[in-house]
Every structure is written in structure tokens, then in C-alpha cells.
Amino acid sequence: MRNAQGKLQQLGEHPWREAVPICVLVVDDDLTLLRFLEEYLQREGYKVVTANRGPKGLRAFYQERPDLVLLDVMMPGMDGWEVCARVRELSDTPIIMLTAKTSEAEKLRGFKLGVDDYITKPFSLEELAARMRAILSRTASQRAGEKAFYRIGALTVDMGKREVCQEGGLLNLTPTEFRLLAALAQRAGEAVSQDDLITDVWGEYRRGGGSALRRYIWLLRQKIEIDPTQPTRLVTVRGYGYRLEL
């Protein structure tokens with residue numbers, strides 16, 4: 001996967017404008033929206049690759065290895081969910097879903113697949129660009145100068161390989177689950193506020209992130225707790241946030 005870190009030199013007013021442009025793949029069957037997004041993002045300094053069907057989007061992903069994917073949920077044939085699942089089999093490239101649906105069930109489905117953010121149609125192009133910058137900046141900063149390993153009890157978090165082992169077995173975590181666990185591991189034994197975790201995992205432009213955070217805490221507990229209903233490793237700090245026990 002192409003690493004956006006080398007393209008974000010510093011977090012200034014326009015950190016995304018680089019000699020080597022960040023590549024964004026946009027997959028949507030609305031040709032008018034596709035054209036508007038392509039023109040707007042190109043003006044913002046991105047390299048833009050477009051596809052109007054899921055299979056075309058996957059081929060473009062494998063060929064271009066983009067730094068970020070904008071993916072429509074509702075498409076004929078192969079929909080956005082299937083495209084997302086295929087991408088996640090090979091890559092943790094950030095994905096923003098473009099959707100007209102805002103139900104809890106739809107969002108939970110996306111979170112389980114490792115979606116990084118949602119933006120609901122119709123949306124402001126400026127808001128979309130802000131969310132993209134937040135995700136790209138967060139991804140770059142997380143990968144810069146990270147400690148190689150964190151050992152927390154039976155858990156081992158390998159930042160370089162982006163893997164987590166528990167009692168010798170490799171855990172099957174989505175990219176977002178890994179980011180959340182890594183954020184907690186870096187401050188193991190300390191209470192980490194909900195706001196700090198939301199910023200670490202989704203960036204500063206996340207709206208309504210408390211609900212998403214609670215879902216991911218629940219998902220993580222299914223994988224690291226002996227009894228997820230009585231957590232002893234990833235505990236709630238009432239009225240504040242969460243703590244990963246040493």
C-alpha cells in the first residue's frame with residue numbers, strides 16, 4: 001500500500017499539497033457526482049482516479065494503490081459493502097463511505113468492515129475535504145516514529161507489522177480496531193478520555209464519534225476479554241473514557 005506519510009511533510013494550512021500528489025480513488029455510480037468530485041479534488045491538489053462500478057473500483061484499487069478511498073454504498077451489482085470487504089482483505093487504506101443511509105445497523109456494518117468515516121449525501125465538498133485531511137493527517141502521524149512494541153499483560157501490539165497477539169495467538173482486528181487498541185496501548189494503565197480516543201482514531205473532524213467509539217470498544221472486548229460482559233482488560237472509566245489494564 002502506498003504510504004501517505006511521505007506526502008504530508010507538516011500539518012500546515014495545506015499539508016496535502018505535495019510534489020507527489022496524494023491519490024484518491026472515488027467509486028460512485030452517480031456520474032454527475034463523480035465528475036464534480038473529480039474536478040473539486042483535482043483543484044485541491046489530489047490525484048483522482050474514478051470508477052462508476054464496484055468491479056472497476058477494485059481493479060483501479062489494485063492498479064493504483066490509492067492513499068484514500070471514497071466509496072458509495074448503494075451501487076448496482078457489487079455494492080460498496082462488498083468492495084470495502086475486498087479492500088480490507090489486503091489493505092488498511094482509509095475508506096470514507098458516501099451514503100444516503102444513516103441507520104445504526106448500516107453504520108455498525110461499516111464499522112465491522114473497518115470503515116474509517118461516513119459522510120451522508122448530500123454533503124458539502126468543503127466538509128468532505130476537511131474529513132479527508134483529518135484522516136490522512138492522523139494516518140501519517142500515527143505511523144511516524146511509533147514505538148515498535150507494546151506489551152500489556154497477555155497482549156503484544158506490534159506497531160511496525162500492525163499486528164496484535166494475545167497469549168501467542170494472532171488477533172484478527174480490523175484497521176480501526178487496531179488503531180483504537182494501539183491508542184490505548186500507548187497509554188496503558190492510564191484513563192484515556194473519549195474525546196482523545198475519537199481524535200486518535202478518526203481525527204478532529206469526527207462528528208457524533210461517541211457512538212462509534214462505544215461500538216468499537218464493544219467489538220474489541222469480544223476479541224480480548226475472557227467474558228466481554230464483565231471486562232477486566234479494557235475497562236470503562238465512568239464519565240470519562242476507557243483504560244487498558246496493565
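FYI, it's all coordinate maths here, none of it is from the lab. A quick note: this is a predicted structure, and the numbers were derived from the prediction, not measured. Here the Cβ positions follow ideal geometry from the backbone for every residue, glycine too, while neighbour counts run over all protein chains shown.
Exceedance of the 27 Å cut-off in Cα-Cα distance is limited, within the set LYS47/LYS112; LYS56/LYS223; LYS121/LYS223; LYS56/LYS112, to LYS47/LYS112; LYS56/LYS223; LYS121/LYS223. Ordering 178-185, 129-136 by mean Cβ neighbour count within 10 Å, with the highest value first, yields 178-185, 129-136. One compactness figure for the range 149-244 is 1.00, namely its Cα radius of gyration divided by 2.2 N^0.38 Å.
Neighbour counting of Cβ atoms within 10 Å sorts the residues LEU90, LEU220, LEU98, fewest neighbours leading, into LEU90, LEU98, LEU220.
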